[in-house]
4 protein chains.
Amino acid sequence: MTVQVGILGATGAVGQRFVQLLDGHPIFELACVTASDDSVGRTYRNAAEWRLSSEIPAFVADRVVRETDPAAVPDDVDLIFSSLPSDIAADVEPAFLEEGYVMSSNSSNDRMAPDIPLTIPEINPSHLGLIEVQREQRGWDGALVKNPNCSTITMVPTLAALDEFGLESVNVSTLQAVSGAGYSGVAAMEIMDNAIPHIGNEERKMETEARKLLGDFDGAELELHDADVAASCNRIPTIDGHLENVFTGLASNPEPAAVRDAMRNFESADLHSSPEQLIKVFGEGRPDRPQPRLDRSYADGMGVVAGGVEETTDGIQYNCLAHNTLRGAAGASLLNAELLVEEGWV
Amino acid sequence: MTVQVGILGATGAVGQRFVQLLDGHPIFELACVTASDDSVGRTYRNAAEWRLSSEIPAFVADRVVRETDPAAVPDDVDLIFSSLPSDIAADVEPAFLEEGYVMSSNSSNDRMAPDIPLTIPEINPSHLGLIEVQREQRGWDGALVKNPNCSTITMVPTLAALDEFGLESVNVSTLQAVSGAGYSGVAAMEIMDNAIPHIGNEERKMETEARKLLGDFDGAELELHDADVAASCNRIPTIDGHLENVFTGLASNPEPAAVRDAMRNFESADLHSSPEQLIKVFGEGRPDRPQPRLDRSYADGMGVVAGGVEETTDGIQYNCLAHNTLRGAAGASLLNAELLVEEGWV
Amino acid sequence: MTVQVGILGATGAVGQRFVQLLDGHPIFELACVTASDDSVGRTYRNAAEWRLSSEIPAFVADRVVRETDPAAVPDDVDLIFSSLPSDIAADVEPAFLEEGYVMSSNSSNDRMAPDIPLTIPEINPSHLGLIEVQREQRGWDGALVKNPNCSTITMVPTLAALDEFGLESVNVSTLQAVSGAGYSGVAAMEIMDNAIPHIGNEERKMETEARKLLGDFDGAELELHDADVAASCNRIPTIDGHLENVFTGLASNPEPAAVRDAMRNFESADLHSSPEQLIKVFGEGRPDRPQPRLDRSYADGMGVVAGGVEETTDGIQYNCLAHNTLRGAAGASLLNAELLVEEGWV
Amino acid sequence: MTVQVGILGATGAVGQRFVQLLDGHPIFELACVTASDDSVGRTYRNAAEWRLSSEIPAFVADRVVRETDPAAVPDDVDLIFSSLPSDIAADVEPAFLEEGYVMSSNSSNDRMAPDIPLTIPEINPSHLGLIEVQREQRGWDGALVKNPNCSTITMVPTLAALDEFGLESVNVSTLQAVSGAGYSGVAAMEIMDNAIPHIGNEERKMETEARKLLGDFDGAELELHDADVAASCNRIPTIDGHLENVFTGLASNPEPAAVRDAMRNFESADLHSSPEQLIKVFGEGRPDRPQPRLDRSYADGMGVVAGGVEETTDGIQYNCLAHNTLRGAAGASLLNAELLVEEGWV
């Protein structure tokens, strides 16, 4: 079975990661790339200025970039990936949904809308059921699923693993890589020999998205998880890989070893791009791990790595890490698309 | 009035900062520098390999480096600064104390000893009273005062300002500069495009030292502050300046504006190296400050800079920053020495 | 004597350095700042987003930004500094010159025009004589002087010092800081863990500007120096300070010691912003200097630092360094303005 | 056919690259790892503190580290790789040679000895003939071949390609990565926001090794190439990949296009680890390449990448790049070992 796919916003930092991940994918075949007006009509090779150290894949290099408009997409395309800036996505996505496209979107608009599933396949696949609600309420023929922000994705699998111990509160500090802001999002003069606190709207995203991902869906409505979440988000001079310090308040009082086991044994999904072991955990002997440069490529950038698990007065503190443009962006949308196929929405 | 001083461990990263700060100091006059055996007998210029961008001060360049031993120190020296590695300091410091020297030490050994004052002059000057206890218990003629770890110093002035709101708990994440590990403490290959969590023993130091600094001294015994403190300490690729994300639990429920005011109005000390305003606070308009490269030089590196003050469910979160080798190390010892002089211990 | 000055393009990276250098200047008094349309009408504080670690000077913070147009400049302004992008400068500068303004410009347009002096006061002050030629040919009432590119300025003082040995050829490689491209000129993702060769048009600028600066002006025409110059320009991950490796072919065969002496003894100019010793030279004992972070602040960023002088088969190789936004840009224009005043053109 | 191999100095930065490259190698099977005394008797996993982002290969993880001594090496080992520090290698290598081992060494001692082949298989395989001379003069049963320094290897393939145009002189500036100095060779505080000129003995190595590699071996004696070579070597803040700016003086006057063709068509060797195309060349459209982060992985780190080819007054200037710990160190020794096998010396 092959599914023809298109990428909206294919020339940017996340768009290039989509292209890279589709190279050799067993199900998805790239049929169409779109970008902003100044790229339309040029070959992808010319428009994208390929910036990854791997070679630009042959199947996309000479493809002509199209307009970001349903009318410009070939008829046989069944599934759309979106990595558009959120303000543009807010305009463009409904047009595709009305035309009946199934869309897996990395754009941040509408992530908290009550009828749009925000999904990590290993965590909350059942939330896809919101698509029925969405179709009814919006009159769409298509289906829209969103993945969370990169900083949220890094943390949530470990929180899900801890939920058995009664998750009550989370304080989290992030050390985020520059690629999270897009290719030109951070000037060298801003970040060299420096760190920038309180970046963008990352903090509010983490606080709300985490509660939605961990929430209960009863088939009709989604109830947010009731843990208090407070986040402090910092940009640091790393290229890829978000490292996060997590302090949790827990109802029960687990030993660090039990927490490490819960993380290690947290079940992954049976999807092509899902790692065999979702969360790799470093033990007491390596408290200095995970580290961005050494650990971001775990499971080809699709896994989460944790470590430094220790007791605090009323809970557990630990560190976690994921590759922000793979597991945290393009890979997250790809996984959601694989889930959509698996569950018969495509 | 002039006080002759010596520096133990004068050639290292902190030692060079001591030398820099003593250049033009109105009270202290450098009479003696010591270092490890391979430097003894060489000029300071040759032994230190001066690494600051300011010129090596003329008053020290041709001075001969002496042994780190009371016998090698000239008779007229009244006050000793120590920036020795803690294992060496544990051996050497008592020898100087027995000889009657007054010592202001940056070394981490014995900071939590119940009879040794751990002091930040603007925060807990009254703890100097422990010197009487110390003399009685140890039979020393001298006096030993310690300053806390650089990561502790960065945070504690802001916590002291918050104490009026009922400080109950602290979760703190640090983004620490490489100079905190000494000149060769962090290899370039470790930290470039990377961050290292759970460094050294910084976390335990922050958790215990903060409670001692904020504790009550009744003239005989010191009681630790009863706030729960949990720390997560990270090294990042910055040269100087520790940035910290602080989440506090508070008994009362202050507005961010009240917290900013409490920080801004927190009283400084009337000492030569103490800034006029101890804590500079950025308001709502600049949530992206403080930043290490832009703010570490506030008040010649002797101040603390805070920002990003926001409410959380049960308290306040904010960010703070200080220069780790000035306010956080050499400058901290210097300030303690100025306090010792001011209060008549020298 | 006080001269009222204006800065065109005052909010950018070089513009902020102009403001910083004018703080406390004995002759120049800032009367006017201009910037692009989106800044016009706002206070400098709001428009500039001050990015230097020193505080924004009080004398400029609340000044209203004006249009970059002669009509918008107050009548009592006698001298204009320009740090406009070269394409804008090409349009705007003639308008000011026709209105009779004296202008010291850092913009790169027209630097090689035969009737426009390209000047470093310590090297070729006599080239100011071209102003007469310029007035005659262009019918301007004003006077326009340019300073060279930052990478050229770094090297030319040392070449001028070597000219007594018969300078025949120059191969030069640069290691340039990101600030040379303006505040947002280099994205973090481009330069972290990376270097970029063959940047911009720097190479052609170095090759031509150097020959003009070292050329002979006979009172009527300027003859370029006949040395062959080939340059290779690289951007590296440093914030400020250009380091350059220079290989010279010389007609005579000097010892390294003689070359070091020629550099050290090269005469500086008697102007406020000119350093007492123009070129600081490290000897054989410190072949690893100059280094950008340690040496860019020599003489408050207005000096040149050289080192690593060694013989080659047909000449001398060495390294040199200067602060690219001080001596290499804003400071260069300021020095030229001081020369214009000194020589009576203002 | 399988050859049992040992690695001397297997725990260091280059040693770990040897281990990585031997993982899955079709001919070589790792039989033995040695290291310094404090590692002897420990498992490789414990002794090496694996620092590459790939996982530590299973075939070596639990192997016990042995002494660096012929007596400690198993009998069936036929070929030895050495990445010892040069001072230790100078003592240890002869002991292995006397015992009859064939050794491919990356250590810098004795590279210029007239009877020791310094080889890059694609450049000067015939120099292996020096082994006969070596055996005769030194009475060794074994055979010793050296590879050049990483900065030399980066440049020499392109110079070999240019030799048809009459290579007369070379001025070369390097921008070298920190991994070239070993894992702890460069402190973060030395290199962050900085560059260090005139490093180590790299310049003399480049100047002499290049002439030996390009020299003529008549079966009895080796004559150095007569080009003048002057090098200026700089450390910059990159992790892997040396970038070099090369200015050549040539007897003939080729067009840049002819030079690019000569580089592209330069023949590779028919060995397992040799790339199909030895030199990848960027054309006029991408003068900003090669760049370390984007191009160091060309041909799995075993190729050379060139670009920016331009005419100068008497020759050609261009840039080149190679991965310094793969093609420039462990991979270079591996290739030499493959050549030794191919030519029947093992």
Measuring from centroid to centroid over Cα atoms, what is the spacing of the stretch D:284-319 and the stretch C:310-333 in Å? 25 Å
For the stretch C:150-323, just list the percent of Cα-Cα distances falling in each 5 Å bin from zero outward, please. 1, 9, 17, 21, 20, 16, 9, 4, 1, 0
Per residue of C:298-308, what is the mean number of Cβ atoms on other protein chains within 10 angstrom of that residue's Cβ? 1
Within 10 Å of each Cβ in peptide A:169-178, how many partner chain Cβ atoms are there on average? Round it to a whole number, please. 6
Neighbour count of at most 13 Cβ within 10 Å plus DSSP loop: longest GluC sites (Glu not before Pro)-free window in chain D: D:56-220
List the lysines whose alpha-carbon lies under 26 Å from that of A:Lys212, not counting same-chain residues fewer than 8 positions away? A:Lys146, A:Lys280
Among beta bridges that DSSP assigns inside the stretch B:150-323, antiparallel share in %, nearest 5: 70 percent
C-alpha center-to-center spacing [the stretch C:30-108, the stretch A:230-248] in angstrom: 40 Å
Measuring label to label, 7 Å along Cα→Cβ, what does C:Asp62 give against each other copy in nm, shortest first? 5.2, 6.6, 7.6
Counting only other chains, and only Cβ atoms inside 10 Å, what mean value do you get across the residues of C:235-248? 6
Which number do you get for Rg(Cα) / (2.2 N^0.38 Å) in the stretch B:47-105? 1.28
Find, among the residues of chain A, the one whose Cβ sits nearest the axis of the rotation taking A to C; state the distance in whole Å. A:Ala188, 2
If you put a point 7 Å past Cα along the Cβ direction, how far is that point for C:Arg204 from the same point in each other copy, in nm, smallest first? 4.2, 4.8, 6.4
Connecting C-alpha atoms closer than 10 Å in a GNM of chain D, tell me which of D:Leu21, D:Leu214, D:Leu130 has the biggest fluctuation. D:Leu21
Listed residues B:Ala58, B:Ala35, B:Ala181; largest mean-square fluctuation, Gaussian network over chain B with Cα springs below 10 Å, found at B:Ala58
Taking +1 at the Cβ of each Lys and Arg and -1 at the Cβ of each Asp and Glu, which of D:Pro197, D:Ala160, D:Phe266 sits farthest along the dipole of the stretch D:150-323 towards its positive end, judged by Cα position relative to the Cα centre? D:Pro197
Compactness of chain C - radius of gyration and Dmax, Cα, Å: 19.5, 60
Placing unit charges on C-beta atoms (Lys and Arg positive, Asp and Glu negative, everything else neutral), compute the dipole magnitude of the stretch D:150-323 about its Cα centre in debye, rounded to 20. 740 debye
Expected unfolding gain across B:Asp69-B:Asp261 under the 0.36 nm per residue rule, minus the alpha-carbon gap, is 64.4 nm
What net charge do the residues around B:Asp141 carry, taking every other residue with its C-beta under 9 Å from that of B:Asp141, with Lys and Arg at +1 and Asp and Glu at -1? -1
How much length would be gained if the chain were fully extended between D:Arg286 and D:Ala61, taking 0.36 nm per residue of separation minus their Cα-Cα distance, in nm to one decimal? 76.7 nm
Give or take rounding to whole Å, what are the principal axis extents of the alpha carbon atoms in the stretch B:266-346, in descending order? 47, 29, 18
Rounded to the nearest 20 debye, dipole of the protein assembly as shown from Cβ charges on Lys, Arg, Asp, Glu: 0 debye
Cα-based shape type of the protein assembly as shown, given that a ≥ b ≥ c are square roots of the gyration tensor eigenvalues and the cut on a/c is 1.5: rounded
Let me make sure I get this right: for the stretch D:145-196, a, b and c are the square roots of the gyration tensor eigenvalues over alpha carbons, sorted descending. Under 1.5 in a/c it's rounded, otherwise prolate if a/b > b/c, else oblate. Which is it? oblate
Specify whether the C-alpha gyration tensor of the stretch D:135-245 places it in the rounded, prolate or oblate class, a ≥ b ≥ c being the square roots of the eigenvalues: rounded for a/c under 1.5, otherwise prolate if a/b is larger than b/c and oblate if not. oblate
For B:Gly283, which inter-copy label distances result when the label point lies 7 Å beyond Cα on the Cα-to-Cβ vector, reported in nm to one decimal and in ascending order? 5.5, 5.7, 5.9
Rg (Å, one decimal) plus Dmax (Å, integer) for the alpha carbons of the stretch D:199-267? 15.1, 44
To make sure I understand, if each residue's beta carbon is the centre and we count other beta carbons within 10 Å, what order do A:Ile191, C:Ile80, D:Ile239 fall in, fewest to most? D:Ile239, A:Ile191, C:Ile80
Helical contribution to [θ] at 222 nm, DSSP H n ≥ 4, -39,500 (n - 2.57), averaged over chain A, rounded to 500: -7500 deg cm²/dmol
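Values quoted throughout were computed directly from the atomic coordinates according to the rules given, and no laboratory measurement underlies them. In this text the structure is predicted, and so the values were computed from the model without any measurement. With ideal geometry, Cβ positions are generated from the backbone for all residues, glycine too; neighbour counts draw on all protein chains shown.
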